[in-house]
1. It is to be established whether one or more residues within the stretch 303-326 are among the polar types (S, T, N, Q), in the same structural domain as Val387 (by TED's automatic domain parsing) and within 16 Å of Leu159 (Cα to Cα).
2. Is the stretch 127-134 home to any residue that is of a type in the set (A, V, I, L, M) and either at pLDDT below 95 or surrounded by fewer than 17 Cβ atoms within 10 Å (Cβ to Cβ) (or both)?
3. Quick check: is even one residue across the stretch 151-160 more than 28 Å from Thr219 (Cα to Cα), surrounded by 18 or more Cβ atoms within 10 Å (Cβ to Cβ), modelled with pLDDT of 95 or more and in the same structural domain as Gly105 (by TED's automatic domain parsing)?
4. How many of the residues making up the stretch 171-195 are surrounded by fewer than 16 Cβ atoms within 10 Å (Cβ to Cβ) and within 23 Å of the chain's Cα centre (by Cα)?
5. Residue by residue through the stretch 144-162, note down the ones that are touching a helix residue (DSSP H, G or I) at 6+ places or on another chain (Cβ under 7 Å) and more than 22 Å from Arg186 (Cβ to Cβ).
6. Applying the selection to the stretch 192-205, what residues are in a loop (DSSP other than H, G, I, E, B) and closer than 18 Å to Ala77 by Cα?
7. Among the residues in the stretch 86-96, are any surrounded by fewer than 22 Cβ atoms within 10 Å (Cβ to Cβ), of a type outside the set (Lys, Arg) and over 20 Å from Met124 (Cβ atoms)?
8. Return yes or no: is Cys14 closer than 24 Å to Asp272 by Cα, among the hydrophobic types (A, V, I, L, M, F, W, C) and either without any contact (Cβ under 8 Å) to a residue 24 or more places away in the chain or crowded, with 19+ Cβ neighbours inside 10 Å (or both)?
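The values are calculated or read from the model by the stated rules, or taken from the named source; none is laboratory data. Predicted model only: the values in this text are computed from it and were never measured. Heads up, the Cβs are rebuilt from the backbone with ideal geometry, glycines too, and the neighbour counts pull from every protein chain shown.
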Amino acid sequence: MDISFIGLGKLGLCSAACFAAKGRRVIGVDNNRALVDALNAGQCPIDEPGLPELLGAARPNMTFTTDSTRAVAESGATLIIVPTPSGADGAFVNTYLDAVLEAIGPALVEKDAFHVVDVVSTVMPGSCRNHFAPKLENLSGKRCGRDFGLVYNPEFIALGSVIRDFLHPDLVLIGASDERSGEVVRGLYAGMVESAPTYALMGLTDAEVTKLSLNCFVTMKISFANELTALCERTPGTDVDVVTRALGADSRVGPKYLKGGLGFGGPCFPRDNLAMQRHAAAAGLELNLSPSVVAVNRSVPGRIFERLAERLPAPGPVALLGLSYKPGTHIVEESQGLLLARRLLDAGYELRLHDPKAGPGALEALGGQGRLCADAYEAAEGARAVVLLTDWPEYAGLDPTRLELAAGPEPLFIDGWRLFKHHAFTRFSYLGLGLGPSA
């Protein structure tokens, strides 16, 4: 079966290329003419590790166009991966999805064959059954589940590792309007993935709730680790990494996402918690865990600021190393480091900034306040404090002596991820988050 993808952003293009590299013919659709032209010219316009090489292998099986009608006509399934931004109340907004459905609905009229419409974009629970299915039925004059199928099939990937995550999922979540559609999508993934995932086939609304609740559970685990980090800092002789390694060895807990650090950010986790709260409120339920998870996460930049201000009460030059919300990406959306930077600027501190990928984006997000540096050593020059915020592999290889020589008088080193330890430094006053006194 040939398939089409509508939406060629980071996830859409990577996903389409994965299928095409495995031999399936793929038609990629985007309304951004410049993006489509660049792809047709052999360029890779999106920064994601491994994507240029993957596109090179996939191109013989890929066609790029702005014509969604053609894409539907020439494929048996259409995967839709367009933005669903958060509204003021925290709920996801379907403006872009509705536009796609309005474009492909009439195209279904011309098809005699059964066609599967697969929504990959994250949506609010009830959207598929109460909104998308009736909309497509009205536009096409056909019946969902009989003449065409509707599937909700969100992905669980992380920016910076999209291709790896897509090819090696633990779970393939498939909510379907009917059994036939669910099996079609299951078959597509079975011929593409390189792992042996669990295929969870269920109803449309069950899948919508599952997507939100899984991400919210992961953030709950992150916030637990970060609350434990704060506790260990106040408990002499403790090391949060020692504690979490033991906790993660228990199969009831598991080690993934159980690492004390700066918390979660990015384009998914923060807004998924808010969307879950909004959905609960609409159902007449007040959640307790989700708001607490968000509150713990939001407290981390403030806790770092307080620790820094204790040692450096008079504002001075501070070096911030790492401003992306996680290593491997240039994305600074909801970055904990960016939140700390804003707090420091408001308090009058002078900022020197470095990040292997996110420096320009961070500086723009800060309104040009701060000095962007070529490397970590330049950022540390004359700094009264150096704060390591994102656990980029590059930072683990920094020369402690060279950092100390560059820093200003009586310097402080705050290590958000414990990439170093006390003994690495002789001149820095070292503060590792999650390390108790004398640990």
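1. yes
2. no
3. Taking every residue of the stretch 151-160 in turn, none turns out to be more than 28 Å from Thr219 (Cα to Cα), surrounded by 18 or more Cβ atoms within 10 Å (Cβ to Cβ), modelled with pLDDT of 95 or more and in the same structural domain as Gly105 (by TED's automatic domain parsing).
4. 3
5. Of everything in the stretch 144-162, those that are touching a helix residue (DSSP H, G or I) at 6+ places or on another chain (Cβ under 7 Å) and more than 22 Å from Arg186 (Cβ to Cβ) turn out to be Ala158, Leu159.
6. Applying the first criterion (in a loop (DSSP other than H, G, I, E, B)) to the stretch 192-205 yields 192-197, 203.
Across the stretch 192-205, the qualifying residues are Met192, Val193.
7. No, there is no match, as no residue in the stretch 86-96 is surrounded by fewer than 22 Cβ atoms within 10 Å (Cβ to Cβ), of a type outside the set (Lys, Arg) and over 20 Å from Met124 (Cβ atoms).
8. Yes: the conditions hold for Cys14.
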